[in-house]
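Accompanying notes for the structure given below.
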Amino acid sequence: MVCIGVSMAEKSLTTNVFLSISKSTLGEQAGTELLDAIKPKISEKPSLILLYATNDVLEQYKLLKKLYFGLDKVLIVGGTVDGIMTSEGYIDSGVAALVIESPFIFAGGAYDEGLSTEGITVGLHAAIVAWQKMQKNIILALPTYISHPELLISKGSPVVSLVFGAATPNVPQEDLYKSIIYLSNYTPLIGAVIDTKKSNSFLYFNDKLLSNSIIVIYLFLLSNLGIGVGIDHGYDLTGKYAVITRASGEAVFELDGIRAIDKIAELYETNTKDISANLEFYRTYRPLGIPTIDGFLEPRKIERIGNNGEIYISGKVPSWSVVHILSPKNILKGTERSIQYASRIFEEKSPSFGLVFNSVHRKTIIKENIEREGEIISRYLKDMPYIGVYSEGQICYFGEGTSVYHTNTVVSAIVGKTD
């Protein structure tokens with residue numbers, strides 16, 4: 001868990017953040033409903049709209065165009081997700097928009113439509129160049145969108161950046177992971193990874209639907225504002241563990257010097273036939289906790305069992321790591337801890353808005369308790385608009401220039417005045 005506390009003294013600006021929802025699954029109708037709800041509430045062109053739609057929303061390009069051009073080419077970022085949490089309840093079908101006016105989002109960012117890992121790298125370089133030029137107050141940087149350029153902090157740094165990446169066959173998770181680490185050398189990152197392998201799933205950037213892409217927008221905080229970030233997953237250690245003694249890529253061949261599936265069966269207190277016959281149960285309810293480079297214990301699933309007793313785990317597995325057996329019995333505690341930690345810097349003050357990036361894999365476990373998770377979030381974010389999404393992965397900031405890509409994690413971010 002981590003908390004970022006930042007405040008900057010600048011001229012005071014009007015705060016205006018609100019939520020708009022449409023339950024329509026037709027893109028144009030949803031866009032019209034959102035536009036009609038947004039226009040009476042805004043005093044100026046919004047700095048940013050965080051826009052999310054569920055996978056069943058059709059013709060999403062019509063949704064984007066309706067908002068983008070209807071609000072004078074407003075900056076729009078977001079994408080298609082597996083469920084939306086809001087301050088007005090959980091949405092399993094429809095669209096939600098968090099509309100943010102000054103003084104929060106001031107510099108827009110970069111996107112890349114590369115169809116390969118090399119394309120992602122080019123996009124990251126473009127984002128970095130744009131940021132470096134903004135430091136010098138040079139506004140021309142492509143591909144870049146700048147909102148309110150007159151309010152850029154001269155030679156300042158973004159407090160945090162929101163990143164939206166696509167998990168696709170053309171951009172392996174491992175390469176996306178490396179890209180996130182690379183970019184975090186320049187700015188702290190939080191965000192979501194959207195699985196655009198799924199039908200009708202996209203990333204949004206203004207009026208564009210993207211797939212093999214990464215999007216970066218820069219968030220500057222002025223007027224004594226701060227952002228708190230909390231990270232957790234909610235899995236408990238069972239006390240059972242083993243050391244990876246032979247592995248390659250995603251395959252683990254040996255644990256504690258013996259065949260991987262035999263050791264896993266021992267830790268699960270069952271036999272290999274039972275694991276093979278009920279693999280989905282073990283994948284979901286007995287994940288493996290593998291340490292990442294930041295020291296965070298990340299839950300990962302056993303994807304399959306090989307012919308020679310090796311096990312395959314999503315994402316590269318480092319040899320000699322200690323693998324723990326985890327239990328999701330108290331998984332909702334992770335949601336509560338994440339938001340509690342993000343709230344710490346605000347004490348008795350009322351923040352302006354909240355963001356929650358949650359894992360679709362956690363949602364699979366929570367199931368019918370999805371409303372309970374919403375109640376936990378609302379208990380802490382009750383006095384502010386917030387939007388949260390269930391997506392493939394989460395980008396987490398751990399402080400001191402370290403941001404990484406995780407799964408099975410809940411990341412909470414709260415923005416508001418700290419004094």
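The values are calculated or read from the model by the stated rules, or taken from the named source; none is laboratory data. This structure is a prediction, so every number in the text was calculated from the model and none was measured. Cβ: placed from backbone, ideal geometry, glycine included. Neighbour counts: every protein chain shown. Only protein heavy atoms, including side chains, enter the accessible area calculation; ligands, DNA and RNA are left aside. Shrake-Rupley method; radii C 1.70, N 1.55, O 1.52, S 1.80 Å.
For the pair segment 355-410 / segment 251-320, the C-alpha centres are spaced 25 Å from each other. Note on segment 279-418: Rg/Rh from C-alpha atoms, Kirkwood Rh, equals 1.01.
Rounded to the nearest 5, what is the percent of antiparallel bridges among the DSSP beta bridges in segment 311-415?
DSSP beta bridges in segment 311-415 are roughly 60 percent antiparallel.
Could you work out what % of the accessible surface of segment 248-292 is carbon and sulfur, using a 1.4 angstrom probe and leaving DNA, RNA and ligands out of the count?
In segment 248-292, the share of accessible area belonging to carbon and sulfur is 46 percent.
Stokes-Einstein diffusion of segment 221-285 at 4 °C, 1.567 mPa s viscosity, Kirkwood radius from Cα pairs, rounded to a whole number: 87 µm²/s.
Looking at segment 27-98 alone, DSSP beta bridges between its own residues are antiparallel in about 55 percent of cases. Averaged per residue, segment 336-418 has 36 square angstrom of accessible surface, using a 1.4 angstrom probe with ligands and nucleic acids left out. Note on S184: accessible area approximately 10 square angstrom, rounded to 10, probe 1.4 Å, nucleic acids and ligands left out. Surface composition of segment 339-388: carbon plus sulfur atoms contribute 43% of the solvent-accessible area (1.4 Å probe, protein chains only, all chains present). Consider all pairwise Cα distances in segment 296-347 and report the whole-number % of them above 13 Å. Cα-Cα pairs in segment 296-347 separated by more than 13 Å: 73 percent. Site pair K240 and K23 shows an inter-label distance of 4.5 nm when each label is modelled 7 Å from Cα along Cα→Cβ. In the context of the full set of protein chains, residues of segment 239-295 present 50 Å² of accessible surface per residue (probe radius 1.4 Å, heavy atoms only).
Computed from label points 7 Å out along Cα-Cβ, the spacing between K329 and S276 is 3.0 nm. Computed from label points 7 Å out along Cα-Cβ, the spacing between N200 and E88 is 2.1 nm.
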